[in-house]
C-alpha cells in the first residue's frame, strides 16, 4: 500500500481574498512568491486576535500543509510581514485599485501557476505609498496581465504600414499599433499608444494612465472574459468612474 503523498512548503505572499469559514476560521487566497496563487484554510483566522493579519493586500509568511496534494492546504505559522492594508484602506481610490487588482487575480490566475512574469509589477503596486505611484504601478500591472494571459498587444510596428516610427494609436480590432499618418483619419475609433509603458522613461500624466486603463479594460473584457464566458468584474468595471481621472 502506497503512503500518502503529503504537500508541505513555506512561502510568503499577498492576501487577495478572505472568506469566513465557520465561526472564526477563514479560507484565504494569497499570491505567493514561489507557488503562485494558493488558497488555504486558516484556523481562527478571523478571531479578534488575528483579524488585523488577514486583510487584503497584507504580506504574510506561512507554512502550507496538506495530507494529500489534491486537498486544500492549511496555513500554519502565519506571520504578518507588511501591513499594506492600512495604506490601501485610508483612501477610497487606493482601495478601488486594490479591489480591482484582487478580483482580476482571483479570476484570472490559476492555482499553483507561476506568477514570475508579473511578480515585479505586483510588488511595485503593493509597495507604492502614494496614490499617484500606485496608479501608475497598477496600470503597468494591467498592461502586462494581458501578456500573461496570452492576449498581449503587438506594439512593435504599424499594422497598416509596417513602420516602427511615429506610433500613436492602437487598433481595437487587431490589438496592434498604428502610426500617426495611418491612424489620424480614424483616431476617434482607436486607442492612444501607451508611450510611458513602452518607453519606460518618464512619469505619465494622469490622463495618459486613464487612456491606458480604458484600453486594457477593453482588451481584458473582449479577449479574456468574453472568450471564457465570464462576467467582467464589477470592481474593475467601476474603477474608472471611482478614480475620475482627468482627460487630456
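Roughly what % of Cα-Cα distances in region 152-228 sit above 19 Å, to the whole percent?
For region 152-228, the share of Cα pairs beyond 19 Å comes to 35 percent.
Quick one: divide the alpha-carbon radius of gyration of region 7-84 by 2.2 N^0.38 Å and tell me what you get.
0.98
For the chain, with a Gaussian network of springs between Cα atoms less than 10 Å apart, report the residue from 157, 181, 132 with the top mean-square fluctuation.
Maximum fluctuation in the GNM of the chain, among the listed residues, is at 181.
Can you pull a Stokes-Einstein diffusion coefficient for the chain at 37 °C (0.692 mPa s), Rh from Kirkwood over Cα pairs, as a whole number of µm²/s?
This corresponds to a translational diffusion coefficient of 167 µm²/s.
Only helical DSSP H runs with n ≥ 4 go in: add -39500 (n - 2.57) per run for the chain, normalise by residue count and round the 222 nm mean residue ellipticity to 500 deg cm²/dmol.
Helices in the chain give a 222 nm mean residue ellipticity of -10000 deg cm²/dmol.
Contact order normalised by length for the chain, with contacts defined as Cα pairs under 8 Å and 6 or more residues apart; what percent is it?
Once normalised by length, the contact order is 14 percent.
Cα centroids of region 183-215 and region 68-133: how far apart, whole angstrom?
Centre-to-centre distance over Cα atoms comes out at 26 Å.
Taking the Cα-to-Cβ direction at residue 8 and at residue 174 and moving 7 Å from each Cα, how far apart do the two end points lie in nm?
Roughly 5.7 nm, to one decimal.
Please compute the length gained on full extension between residue 244 and residue 151, using 0.36 nm multiplied by the number of residues separating them and subtracting their Cα-Cα distance.
That works out to 30.8 nm of additional length.
On a full-extension model of 0.36 nm per residue, what is the gain between residue 50 and residue 214, subtracting their alpha-carbon distance, rounded to one decimal in nm?
Taking residue 50 through residue 214 to full extension adds about 55.2 nm, to one decimal.
Considering only 166, 123, 235, give the residue with the highest GNM mean-square fluctuation for the chain, with springs between Cα atoms whenever their separation is below 10 Å.
Checking each option, the largest mean-square fluctuation is seen for 166.
Any idea how far apart residue 113 and residue 83 come out in nm if each label point goes 7 Å out from Cα toward Cβ?
Calculated label separation equals 3.4 nm.
Between 192, 48, 93, which gets the highest mean-square fluctuation from a Gaussian network model of the chain, Cα cutoff 10 Å?
48
Rounded to the nearest 5, what % of the DSSP beta bridges within the chain are antiparallel ones?
Here the share of antiparallel DSSP bridges comes out near 90 percent.
Can you give the FRET efficiency for residue 202 and residue 234, using 1/(1 + (r/R0)^6), R0 = 41 Å, r = Cβ-Cβ distance, to the nearest 0.05?
My answer for the efficiency is 0.80.
What is the ratio of the Cα radius of gyration of region 75-188 to 2.2 N^0.38 Å, with N the residue count, to two decimals?
Scaled against compact globular proteins, the figure is 1.36.
Any read-out appearing in this document is the output of simple, stated calculations on the displayed coordinates, not a laboratory observation. Owing to the predicted nature of the structure, the values given are computational and were not obtained by experimental measurement. We place every Cβ from the backbone using ideal geometry, glycine too, and count neighbours over all the protein chains shown.
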